[in-house]
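Presented below is the structure to which this report refers.
The values are calculated or read from the model by the stated rules, or taken from the named source; none is laboratory data. Being a predicted model, the structure only gives us computed values, none of them experimental. As a convention, Cβ positions derive from the backbone with ideal geometry for all residues, glycine included, and neighbour counts pool all protein chains shown.
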Amino acid sequence: MKNKLYLAYGSNLNLKQMANRCPTAKVVGASQINDHRLLFRGAHAGAVATIEPFKGGNVPVLVWEITPVDEAALDRYEGWPFLYRKETIKVKLGGKTVKAMVYIMNDGRPLGQPSCYYYSTILEGYKSAGFDVEILRKATTDSVESEEVANE
């Protein structure tokens, strides 16, 4: 079993959280997933992050190198395979294109708002990685507006 690359776009951008959850994981760089957008789906105030195809959008990610033990911990945390599925996608890293694993929420969950705690965990990760926090703010607004449209 060898290490693999994992793309974090939600609460696993938070370095403290990842240090507790996956002590042997290492950040190897930052990248972005093109033609996707960040959204929140799930129960009303407990929605969690996911990404969905969206032309022209991009989602900043931290690229982690994880061990099989780290991956098992992430699988438990992410509710794999029930809440999230795993996909392998290509991203640019240091001028090269690499394949990395990402968790994407399974279909069928409604849009919703994240808890303040969850949002601030992601916000801290965005700030420490130097990502544009406007992308995160937009994800919450998009998840509300779309939620309201769905309820009409």
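When ASP107 is tested against (1) under 16 Å from ALA25 (Cβ atoms); (2) among the acidic types (Asp, Glu); (3) out of contact with any Ser or Thr (no Cβ under 8 Å at 6 or more places or on another chain), exactly one condition is not met: (1).
Every residue, every condition in (1) in contact with a His (Cβ under 8 Å, 6 or more places away or on another chain); (2) modelled with pLDDT of 95 or more; (3) in a strand (DSSP E or B), yes or no:
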{"site": "VAL59", "(1), (2), (3)": "yes, yes, yes"}
{"site": "VAL63", "(1), (2), (3)": "no, yes, yes"}
{"site": "VAL69", "(1), (2), (3)": "no, yes, no"}
{"site": "ARG76", "(1), (2), (3)": "no, yes, no"}
{"site": "GLU87", "(1), (2), (3)": "no, yes, yes"}
{"site": "LYS92", "(1), (2), (3)": "no, yes, yes"}
{"site": "VAL98", "(1), (2), (3)": "no, yes, yes"}
{"site": "TYR103", "(1), (2), (3)": "no, yes, yes"}
{"site": "GLY108", "(1), (2), (3)": "no, no, no"}
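Looking only at the range 116-140, residues that are surrounded by 13 or more Cβ atoms within 10 Å (Cβ to Cβ), assigned to a loop (DSSP other than H, G, I, E, B) and not aromatic (Phe, Trp, Tyr) come to 0 in all. A Cβ distance below 6 Å, combined with a sequence gap of six or more or placement on separate chains, defines the contacts here; from the range 114-135, residues that are closer than 16 Å to ILE51 by Cβ reach residues that are surrounded by 12 or more Cβ atoms within 10 Å (Cβ to Cβ) and among the polar types (S, T, N, Q) in the pairs ILE122/SER11; GLY125/ASN14.
The numbered conditions (1) at pLDDT 95 or above; (2) over 21 Å from GLN17 (Cα atoms) are all true for SER146 except (1).
Selection of the range 1-41 for residues being free of Cβ contacts under 8 Å to residues at least 60 places away in the same chain, part of a strand (DSSP E or B) and among the β-branched types (Val, Ile, Thr) yields only VAL27. For the range 80-99, does any single residue satisfy the condition of being closer than 13 Å to ALA8 by Cα, surrounded by fewer than 14 Cβ atoms within 10 Å (Cβ to Cβ) and not hydrophobic (A, V, I, L, M, F, W, C)? Yes, the conditions are met somewhere in the range 80-99.
Looking only at the range 85-108, which residues are of a type in the set (Lys, Arg) and farther than 19 Å from LEU74 by Cβ? Answer for the range 85-108, where residues must be of a type in the set (Lys, Arg) and farther than 19 Å from LEU74 by Cβ: LYS90, LYS92, LYS96.
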